[in-house]
1. Taking Cα pairs under 8 Å and at least six residues apart, what relative contact order does the chain come out at, in percent?
2. State which helices in the chain qualify, where a helix is a whole DSSP H run, it must extend 20 Å or more along its own axis by its Cα atoms, and its mean Kyte-Doolittle hydropathy must be at least -0.5.
3. Where does the charge balance sit around Ala273 when Lys and Arg score +1, Asp and Glu -1, over other residues with C-beta under 15 Å from its C-beta?
4. In the neighborhood of Asp67, defined by Cβ-to-Cβ distances under 11 Å, what is the net charge if each Lys or Arg adds +1 and each Asp or Glu adds -1?
5. For the stretch 125-260, what does the relative contact order come out to in percent, with C-alpha contacts under 8 Å and a separation of six or more?
6. Sum up the lysine pairs in the stretch 48-144 that clear both bars: alpha-carbon distance under 23 Å and a spacing of 8 or more or different chains.
7. What accessible area per residue, rounded to a whole number of Å², is obtained for the stretch 45-84 using a probe radius of 1.4 Å?
8. Ignoring any ligand, DNA or RNA, what whole percent of the accessible area of the chain comes from carbon and sulfur when the probe is 1.4 angstrom?
Amino acid sequence: MTAFVAGNLRSKSKSLHKGKMPDLWQDAMDHAVTVARKAGEMVRDALQNDLKIMCKSSNVDLVTKTDQNVERLIITSVKEKFPTHSFIGEESVAAGEPCVLTDNPTWIIDPVDGTTNFVHGYPFVAICIGFAVKKTLEFGVVYSCIDDKMYTARKGQGAFCNGQPLQVSDQKEINQSIIATEFGSNRDPDVVDKIFSSMRKILCLPVHGMRGAGSAALNMCLVASGCVEAYYEIGIHCWDIAAAAVIVSEAGGVLMDVEGGPMDLMSRRVVAANNKTIAERIITEIEAFSAVRDDAPVDPLK
Ligand code: IPD
Ligand code: CA
């Protein structure tokens, strides 16, 4: 994936819109917002009841019936309206569906980002719907459903929260910045050592503080909102970041790989920052490691 520096994207597509090109995907984006709201209601209702908690890749990688039901709700309603479109959904992939991004219009869905928060009632939970055509992200919808914040961005048209425009911070000094990251769900001691080592180095730059909302998508929306300068993580999945990537980019931010260069949506690594200066400064401190790509071929013997 390229095309993740917002400034370039924005100026190119503004000139396209001057010529009154029909906006092919606005209808799809409106549908994404509507279904994300319905999904949010479902998540809020579920918080009032007992949650059935299950584990996926490890006993700290959690999933609930609500994650599965919300994903079903979103995919069923999108399929009715856009029957030829493709899907990459966190819970569908967990159930064995392929995780491959083709040129076909593709909805990239995380039904509940922040499942651990959800299970504990920690109030940062988001429904994420990203949409890509020809492998380029066209729009992103992240609904922070506990505090009712609807983050939206359409390529070339800016980023918004509840209709108010978003703009990243203009801070260029790392030692005046807040950096967000997460521990993820890998408890391999070597990986945990690298995570702590990166955090220690960044903290001691020094930065004003380090934070983590417990949701990759909401960390990225905080970057887009200008209250956090950068977020980085290794181990996230494409559904955690696809929608929020458009929001960061359209708020004027940048998306990079943890070793520099453009973000690769399937690589499970991301740096989302207000600008390249801050991104590159933290990249020099991050101890990079690889995670199995989201689009890696599935071993039939496993
Ligand atoms: C997780 C959250 C978490 C991040 C993990 C993600 P989930 O998504 O975004 O903040 O650290 O890497 O997998 O499991 O809550 O959908
Ligand atoms: Ca997620």
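The values are calculated or read from the model by the stated rules, or taken from the named source; none is laboratory data. Keep in mind that this is a model prediction, so the values were computed, not measured. Methodologically, a virtual Cβ is constructed for each residue, glycine included, from the backbone with ideal geometry; neighbour enumeration extends over all protein chains shown. Ligands, DNA and RNA are stripped out before the accessible areas are found, and what is left, the full protein with its side chains, is counted by its heavy atoms. Shrake-Rupley method; radii C 1.70, N 1.55, O 1.52, S 1.80 Å.
1. The normalised contact order for the chain reaches 19 percent.
2. Numbers: long enough: 26-47 (32 Å, -0.25); 65-81 (25 Å, -0.86); 189-203 (21 Å, 0.23).
Helices passing the filter in the chain: 26-47, 189-203.
3. Details: positive: Lys172, Arg211, Arg269, Lys276, Arg281; negative: Asp170, Glu173, Glu229, Glu233, Glu250, Asp257, Glu259, Glu280, Glu285.
The answer is -4.
4. Values: positive: Lys52, Lys56, Lys65, Arg72; negative: Glu71, Glu90, Glu91, Asp110, Asp113.
Neighbour charge sum, excluding Asp67 itself: -1.
5. Numbers: 270 pairs, mean separation 44.1, N = 136.
Relative contact order for the stretch 125-260 comes out at 32 percent.
6. The result is 7.
7. Values: 2530 Å² over 40 residues.
Result: 63 Å² per residue.
8. On the way: 7380 of 13940 Å².
Within the chain, the accessible surface is 53 percent carbon and sulfur.
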